[in-house]
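Before any comments, here is the structure.
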Amino acid sequence: MAEDNESRARPDTQSQTAEGSRGDGDPGQAGGDLSPEALTARVGKLEEQLEQYRDQALRSQAEAENTRRRAARDVENAHKFALEKFAADLLPVLDSLEKAVEVAAGSEGAESIAEGVELSLKLCLSVLEKHGVERIDPAGEPFDPQVHEAMAMVPSDHAEPNSVLEVMQAGYLLNGRVVRAAKVVVARAPEGAS
């Protein structure tokens, strides 16, 4: 019975002990009397966490900036190359107009027709140029596999080897991107030459 009275007489002591031994290490709480070593360790952990959160924030910010740049570049490319399919579909029309000019120029009495078709061709080319479509006519230039398609190689004494002798079909670029490569005949050194 003496034990019962003793335990009833000290209820405040037991609750203070329970609060003081929570172990969460927060020095701002009542009864949180930590040693200087424990406080130093706690500050070190908090500084480490702070550095991790800063690093995460910087990485998130960089990722958001990269996503923004990528989206802006995609939108710019969409604007820049939106006409690519349309331009590619118009190329056979340009080819037909060029052939019509050639045929009409070689026919007697068709000079006015040739002139009209040539004006139509020039008008069409100038409209395409306004929208970033550029004609590739590489006669005499060095062969470039990025923008030229070699249809044949012909030995030539008067042309540099690996240069374009003849353009069979003009090529076109849209804002620097190949829509159609120019179909060309390429010169090569004659067989006896070294």
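The values are calculated or read from the model by the stated rules, or taken from the named source; none is laboratory data. Quantities reported herein were computed from a predicted structural model and do not represent experimental measurements. Don't worry about glycine lacking a Cβ; one is built from the backbone with ideal geometry, like all the others, and counts go over all protein chains shown. For the accessible areas, the whole protein counts, side chains as well, though only heavy atoms, and no ligand, DNA or RNA atoms are used. Shrake-Rupley method; radii C 1.70, N 1.55, O 1.52, S 1.80 Å.
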Under 8 Å between Cβ atoms, at least 6 apart or on separate chains: pull out the pairs that start in segment 41-68 with a residue that is surrounded by 10 or more Cβ atoms within 10 Å (Cβ to Cβ) and end on any residue that is not acidic (Asp, Glu). Arg42/Gly25; Arg42/Pro27; Arg42/Leu34
Might you check whether a residue that is in contact with a strand residue (DSSP E or B) (Cβ under 7 Å, 6 or more places away or on another chain) and of a type in the set (Val, Ile, Thr) occurs anywhere in segment 116-134? yes
Which of (1) in contact (Cβ under 8 Å) with a residue 40 or more places away in the chain; (2) farther than 30 Å from His79 by Cβ; (3) open to solvent by 50 Å² or more (accessible area, probe 1.4 Å) does Asn175 not meet, given it meets every other one? (2)
For segment 119-135, how many residues meet the condition of being in a helix (DSSP H, G or I) and open to solvent by 80 Å² or more (accessible area, probe 1.4 Å)? 5
Provide a single number: the residues in segment 167-194 that are within 35 Å of the chain's Cα centre (by Cα), outside any loop (DSSP other than H, G, I, E, B) and either farther than 25 Å from Ser126 by Cβ or of a type in the set (A, V, I, L, M, F, W, C) (or both). 10
Taking the condition of being part of a strand (DSSP E or B) and either of a type in the set (Ser, Thr, Tyr) or within 13 Å of Met168 (Cα to Cα) (or both), how many residues in segment 136-148 meet it? 2
Does Pro36 satisfy the condition of being open to solvent by 70 Å² or more (accessible area, probe 1.4 Å) and in contact with a Ser or Thr (Cβ under 8 Å, 6 or more places away or on another chain)? no
Give me a count of the residues in segment 179-194 that are open to solvent by 50 Å² or more (accessible area, probe 1.4 Å) and either touching a His at 6+ places or on another chain (Cβ under 9 Å) or of a type in the set (A, V, I, L, M, F, W, C) (or both). 2
Considering segment 80-94 alone, what residues qualify as being open to solvent by 30 Å² or more (accessible area, probe 1.4 Å) and in contact (Cβ under 8 Å) with a residue 12 or more places away in the chain? Lys80, Phe81, Leu83, Glu84, Ala88, Leu90, Val93
Going through segment 150-166 one residue at a time, which ones are open to solvent by less than 40 Å² (accessible area, probe 1.4 Å) and in a loop (DSSP other than H, G, I, E, B)? Ser156, Ala159
Among the candidates Glu134, Glu149, which residue alone is at negative phi, modelled with pLDDT of 90 or more and touching a Lys or Arg at 6+ places or on another chain (Cβ under 7 Å)? Glu149
